[in-house]
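A.B. asks: Got a structure for you, written out below as structure tokens; questions coming shortly.
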Amino acid sequence: MARHAPRTAPHDHPAPAGRRVAAAATAALLATGAVVGVPAAGAVRNATGGLGAVADAVRALGIPGTAWSGDPATGQLVVTADARVRPDQLARLRAGTARFGGAVRIERAAGVLAPVPTGGGAVYGAGYRCSFGFGVRRGGTRYFLTAGHCGRAARTWYADAERTVRIGTTAAWAYPGHDYALVRAEGPARQAPRTTVDGRVVDRAGEPRVGERVARAGSSSGVRYGTVTALDVSVDYGDGEVVTGLIQTDVCAEPGDSGGPLVEGDTALGLTSGGDGDCATGGTTYYQPVTAALARYGVSLD
């Protein structure tokens, strides 16, 4: 088994102050605020009109900074209004949905509408920027995977550099030895779209082959392409931090790309761990096989 000592550390990156990185995702809201009104269960059962009618009514109001979705537990449509929604707009929202009674619940969000990262989008925590790997779930609970050295560095994760839109909490991580972390999705990440890379939905996991053409996505360098050049590689990142069983490729990567997905078409292969070089000069990169993370945490691709 070969051991390599790359010139660069694992590809996490200090988060730049005041910087927002656009992620390929649908916009959603962090619904953590005071509940404006929670009706009794009987009120929900007796409400007039279906949820489709409620959703149509909310959409027709055209109030920026709102999001809505059904809550299977209560049978209600939950409408979230972000911090930009003015009092007069909130009053209009209440008036426009009043006829539906207990079928609608209005909540306030402390933050503002922001993109939810997926497939290589930026995630921020503890002064560092890493990349979203794959959305996964265990039962009815949604998570996402990123690099283990990122999970070790941060407990709470956000969709923006200003850390106003919280999207998850590190549930478990492994590093060194392995390099994967499991983040429990919160707020908008619980309703994030399925993981996509280079326009393709990634819906299965597999094992790589030497010579296979692959794509990697990251928050610093975007989508890049290359070839798998070796398997079961050990990497010594220094200070006794050795990671084993990695995938080696000739795809470039840069600081901030850590945790991003490595794929072949619609198949998930790995999570970016580290490497040497950059996307101006080229280099070698290493990836944690995703199948090991899925098995360790008992999760499946979302």
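Every number in this text was worked out from the coordinates using simple rules, so none of it is lab data. Quick caveat: nothing in here was measured; it's all calculated off a predicted structure. Note that we place each Cβ from the backbone using ideal geometry, even for glycine, and neighbour counts take in every protein chain shown.
A.B. asks: Which distance in nm do the two modelled labels at R99 and T156 give, with both placed 7 Å along the Cα-to-Cβ direction?
C.D. replies: If labels sit at R99 and T156, their model points lie 4.2 nm apart.
A.B. asks: Sort all Cα-Cα distances of region 116-191 into consecutive 5 angstrom bins from zero, then give the percent of pairs in each bin up to the one containing the longest distance.
C.D. replies: Cα pair-distance distribution for region 116-191, in percent: 4, 19, 32, 27, 13, 4, 0.
A.B. asks: What is the Cα centroid distance between region 206-253 and region 81-104, reported in whole angstrom?
C.D. replies: 49 Å
A.B. asks: Next up: For region 186-292, take the alpha-carbon Rg, divide it by the Kirkwood Rh, and send me Rg/Rh. Display every interim value, and only then the final one.
C.D. replies: Values: Rg = 13.6 Å, Rh = 14.0 Å.
Here Rg/Rh amounts to 0.97.
A.B. asks: Could you check the spin-label model distance between A53 and R163? Points 7 Å from the Cα along Cα→Cβ, value in nm.
C.D. replies: 4.6 nm
A.B. asks: Using a 10 Å cut-off on Cβ atoms, rank the peptides 170-180, 51-61 from the highest mean neighbour count down.
C.D. replies: Values: 170-180: 20.7, 51-61: 15.1.
For the peptides 170-180, 51-61, the packing ranking is 170-180, 51-61.
A.B. asks: A follow-up question, please. Each label point is 7 Å from the Cα along the Cα-to-Cβ direction; what then is the distance between the points at L61 and A295, in nm?
C.D. replies: 5.0 nm
A.B. asks: If you keep only loop residues by DSSP, which trypsin sites (Lys or Arg not before Pro) in region 85-182 have at most 16 other Cβ atoms within 10 Å of their Cβ? Let's see the in-between values first.
C.D. replies: On the way: sites: R92, R94, R99, R105, R108, R129, R137, R138, R142, R152, R155, R163, R166; in loops: R155, R163.
Of the trypsin sites (Lys or Arg not before Pro), the ones in loops of region 85-182 whose Cβ has at most 16 other Cβ atoms within 10 Å are R155, R163.
A.B. asks: Sequence-distant or interchain residues sharing an amide H contact under 5 Å with G274, placed H: which?
C.D. replies: H11, Y286
A.B. asks: Place a +1 charge on the Cβ of each Lys and Arg in region 116-191 and a -1 charge on the Cβ of each Asp and Glu, then give the dipole magnitude about the Cα centre in debye, rounded to the nearest 20.
C.D. replies: Details: 10 positive and 4 negative charges, 49 e Å.
Computed about the Cα centre, the dipole is about 240 debye.
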